[in-house]
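Below is one structure; the comments refer to it alone.
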Amino acid sequence: MRDDVLRVRVGVSGELPEDASWAVLNDSRTHRVEVKAERSADTIGFATHSLRVKFRLSDSRLTVSDIAGSVLQEDAFGWPVEFHGEAFRIYKRMPEDEHYFGLGDKVGPLDRRNQAFTLWNSDIYSFQESTDPIYKSIPFFMTFRHGRACGVLLDNTWRSSFDFGKQSAGVYSFGAENGPIDYYLIYGPEPKQVLTAYAWLTGAPPLPPLWTFGYQQSRYSYETEARVREIAARLRQDRIPADAIYLDIDFQQEHRPFTVNTESFPHFSEMVSDLKKQNLHVVAITDLHIADVHDGTYTPYVSGMKGDQFVKNPDGSTYVGVVWPGPSVFPDFTRRQSREWWGSLYKKFVQDGISGFWNDMNEPSIFKVSSGTMPDDIQHRIDEPGFAKRTATHLEIHNVYGMENSRATYEGLLKLQPNQRPFVLTRATYAGGQRYAATWTGDNSSTWNHLRLSTPMLLNLGLSGFGLSGADVGGFIGTPTPELLTKWFEVGAFHPIYRDHTEKGTADQEPWVHGAAQEDVRRRFIEERYRLMPYIYSLAEEMSRTGVPMLRPMFLEFPKATGDGHPFDIDAGNEFLLGPDILVAPAPFPEKPFPYEVKLPAVDWYDYWTGKHVPQPAADGGAGDVRVTVHPELDQLPVFVRAGAIVPMQPLTQSTGEIPQGPLTLRVYPGKDCLGGLYLDDGISMAYAHGDYLRMKFTCEETPAGVRVHIGEHTGTYQAWWKQVRVEVYGWNSPKADVLVSGKQLSDPPSVDSTRDSVAIELPDTGHGLDVELRAVE
Ligand code: MIG
């Protein structure tokens, strides 16, 4: 398909499977490049500019290598596929030193090696570290060996499974119980290239509204309008910056989607607009189960039945399953027409000013049946370009049902408000679902172990295309201790989505519970996130173009950080990167009060909080990494910045809707390849797609006497909120400094802060670019 992307399809009885996909974009799926045919005595195959494919005639073994000859993937046995009735399985050789990532938020360690997983979307309340399957099916993984990465997407929606050497050492395998044998191989060699090519295949998360990155307050449920207003007032009164409040199922009448309980929410639309005046966005849950109510009073049911929008039993009757509203019927989301009908249901809520929508229970989750979901033989109609118009059983559609639910929501919202970026949060999804919705890790628990698990879960989601994701802060199931909740607020501040949420029957979990001392710490971290908003939003924009996630394992940025080519993360506890430059290092076992060692890739680092340069210890027998011993404190979280970073920051606001007052701050951390960037727009509309954005690039270089910083011009038509830019250079060791702007010395000297080893100067930003040189004065 491209020099670096191959597609492997296998036909049974001389026929290839249907050439169609829910995951892969049509233009990509039909893309072709020329290859050079090659053959030898025992092989046939071809070469692209970066890959060589050989099929051995004597035993049908498929081998893919790079052009230099390093094998990237090879069939393990003398056959390309093994059949067991309708099921198939593909086996690949598993080198001892290869590592595996992806498959969405499957629980367990970051590296999937020695584990096996089933993909079957399941509502698993109280999942634990080794529970499988859970909510999502993302049949994409990345192999990583000797610094070289490859991606594999098994594009098959049936129940599938992946085994990374659990059953037998030396072999990994994947297969499904039915459906097409259709998989893609994506070559890096850099892991980021794999993710960008994967985004070319399946799409990147679209740029979400800016408010998505603010602090989000939720619980199951804020049961009355009065309580919602009280929460909003308290957030503002306590000066807890926040952008969103969630309405969980109890705001509805008898749990019926698209209704409002007018007794407990008597002034619903006024409430929504009053909150908006406080810069708080409302996100409402809209589950997919439509109450099976025959008295003509429930319009979604009436219009849905009239339009024949629900899935059916084999005998043609409408399937009814019990969920929150009691007996319910289920939209046929694999039909365009049913998705459009679903999308139109949002009209009133959109008019009310609701900003975001939450699609829960879409595995789909069904009560009172042991399978927890629809029967296997439920009939779904497929009406989708590429696919034959046909009826499919639930077995084929189950794993894409949640994704198509979120697609219907996303596309419906876009149709209702073409100039606004939708925000949809989904629980179940499939590969490619990142085009429609953000996600969260479902019903986690209020335990230290679940705080720890959130890191590998979110990292693997990001490595599977879902870079817009979060875990419930404080944990959903149970009541966190004060310390656990505080620590979770600290770590969550550096996750893409930052939402505090808990279940029914637990104690309150808002930032102020447990008294002022705890609240102060939590507030401090929420505030830090708001200060970092220019950096965070720029990462989201990068992700929307490249598919590179906001949250990154270290091997993504430092694929060659170890001597033998293994991923650095394996040595590094629970660390993660936010973007290319900010490294967060929570304790690997966060309940333990003992000192722990943070390992950093062998480049220069600064302490994010103190500004101080992290001393590079003497080389220690070749490990080549930087180690910092941390004495854990409840109110502190170790965060480091890579030398060579320029991090844009803003003055504190109470929401992303508030215009920051003061300068744009550029924190400059001198080092190799020093650069940074900034992206900004109106945060909500589609105007950015027509050039109404602001982009800037920054670079720096060390000079004999100090540092030179280049602040690029503003490109795009969007107006900056700042007039002044504050350049803050770290690693500064002299007591005084001079500053030259475009070669001319300023009369006012910059201010040196010797406690932070920094020097700062504030200058007008004309938008035309600035050259700032800071020179040490002895
Ligand atoms: O059966 O809507 O994961 O976040 O609060 C529980 C109520 C249904 C499960 C979700 C959770 C949500 C809850 N939902």
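The values are calculated or read from the model by the stated rules, or taken from the named source; none is laboratory data. What you are looking at is a predicted structure, and each value in this text was computed from that prediction instead of being measured. For neighbour counting, all protein chains shown are included, and Cβ atoms are generated from backbone atoms with ideal geometry for every residue, glycine included. Surface accessibility is based on the protein's heavy atoms, side chains included, excluding ligands, DNA and RNA. Shrake-Rupley method; radii C 1.70, N 1.55, O 1.52, S 1.80 Å.
A few points about this structure:
Listed here are the residues, each with its yes/no results for (1) buried (at least 16 other Cβ atoms within 10 Å of the Cβ); (2) in contact with a Leu (Cβ under 8 Å, 6 or more places away or on another chain).
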| residue | (1), (2) |
| --- | --- |
| 22 | yes, no |
| 30 | no, no |
| 36 | no, no |
| 42 | no, yes |
| 66 | yes, yes |
| 87 | yes, no |
| 95 | no, no |
| 102 | yes, yes |
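- If you go through the range 272-306 and keep only what is part of a loop (DSSP other than H, G, I, E, B) and touching a Gly at 6+ places or on another chain (Cβ under 8 Å), you end up with 279, 289, 292.
- Close pairs (7 angstrom Cβ cut-off, 6 or more residues apart or separate chains): open to solvent by 40 Å² or more (accessible area, probe 1.4 Å) in the range 163-180, of a type in the set (Lys, Arg) anywhere: 177/159
- Restricting the range 125-137 to residues that are surrounded by fewer than 18 Cβ atoms within 10 Å (Cβ to Cβ) and of a type outside the set (Asp, Glu), the residue that is modelled with the lowest pLDDT: 126
- Residue in the range 183-204 that is part of a loop (DSSP other than H, G, I, E, B) and within 16 Å of the ligand (Cβ to nearest atom) present: no
- The residue of the range 466-485 that is farthest from the ligand (Cβ to nearest atom), among those that are part of a loop (DSSP other than H, G, I, E, B) and touching a Leu at 6+ places or on another chain (Cβ under 8 Å), is 467.
- Taking first residues from the range 319-332 that are modelled with pLDDT of 95 or more and partners that are part of a strand (DSSP E or B) and open to solvent by 20 Å² or more (accessible area, probe 1.4 Å), the Cβ contacts under 7 Å between residues at least 6 apart in sequence or on separate chains come to 319/312; 320/327; 322/367; 323/367; 328/322; 329/318; 332/381.
- Qualifying positions in the range 320-372 - within 13 Å of the ligand (Cβ to nearest atom) and among the aliphatic types (A, V, I, L, M): 322, 323, 361, 366
- Residue count, the range 486-503 (criterion: within 16 Å of the ligand (Cβ to nearest atom) and in contact with a Ser or Thr (Cβ under 7 Å, 6 or more places away or on another chain)): 4
- Identity of the residue in the range 436-457, touching a Pro at 6+ places or on another chain (Cβ under 8 Å) and within 16 Å of the ligand (Cβ to nearest atom), that ends up least open to solvent (accessible area, probe 1.4 Å): 438
- Considered as a group, the residues in the range 83-97 that are in contact with a strand residue (DSSP E or B) (Cβ under 9 Å, 6 or more places away or on another chain) and free of Cβ contacts under 8 Å to residues at least 60 places away in the same chain include one that is nearest to residue 465 (Cα to Cα), and that residue is 95.
- Breaking point among (1) assigned to a loop (DSSP other than H, G, I, E, B); (2) open to solvent by less than 10 Å² (accessible area, probe 1.4 Å); (3) under 30 Å from residue 501 (Cβ atoms), for residue 156: (3)
- In the range 418-435, the residues that are more than 20 Å from residue 365 (Cα to Cα) and either touching a helix residue (DSSP H, G or I) at 6+ places or on another chain (Cβ under 6 Å) or within 16 Å of the ligand (Cβ to nearest atom) (or both): 422, 423, 432
- Among (1) within 21 Å of residue 126 (Cα to Cα); (2) surrounded by 23 or more Cβ atoms within 10 Å (Cβ to Cβ); (3) not small (Gly, Ala, Ser), the one test that residue 490 misses: (1)
- Looking across 199, 226, 204, one residue alone is open to solvent by 10 Å² or more (accessible area, probe 1.4 Å) and without any contact (Cβ under 8 Å) to a residue 40 or more places away in the chain. It is 226.
- Within the range 270-291, residues that are under 17 Å from residue 215 (Cα atoms) and away from the ligand (no atom under 12 Å from the Cβ) sit with their Cβ atoms under 8 Å from residues that are among the acidic types (Asp, Glu) and at pLDDT 95 or above, at 6+ positions apart or across chains, in these pairs: 279/243; 279/658; 280/243; 281/243.
- In the range 438-460, the residues that are under 19 Å from residue 208 (Cα atoms) and either β-branched (Val, Ile, Thr) or out of contact with any Lys or Arg (no Cβ under 8 Å at 6 or more places or on another chain) (or both): 438, 439, 441, 458
- Residue ranges of strands (runs of 3 or more DSSP E) in the range 555-667 with at least 2 members among the hydrophobic types (A, V, I, L, M, F, W, C): 576-578, 582-584, 596-600, 626-630, 639-642, 645-649
- Of all residues in the range 505-523, none are outside any loop (DSSP other than H, G, I, E, B) and within 16 Å of the ligand (Cβ to nearest atom).
- Residue match in the range 121-128 (condition: more than 16 Å from the ligand (Cβ to nearest atom) and either part of a loop (DSSP other than H, G, I, E, B) or under 28 Å from residue 29 (Cα atoms) (or both)): no
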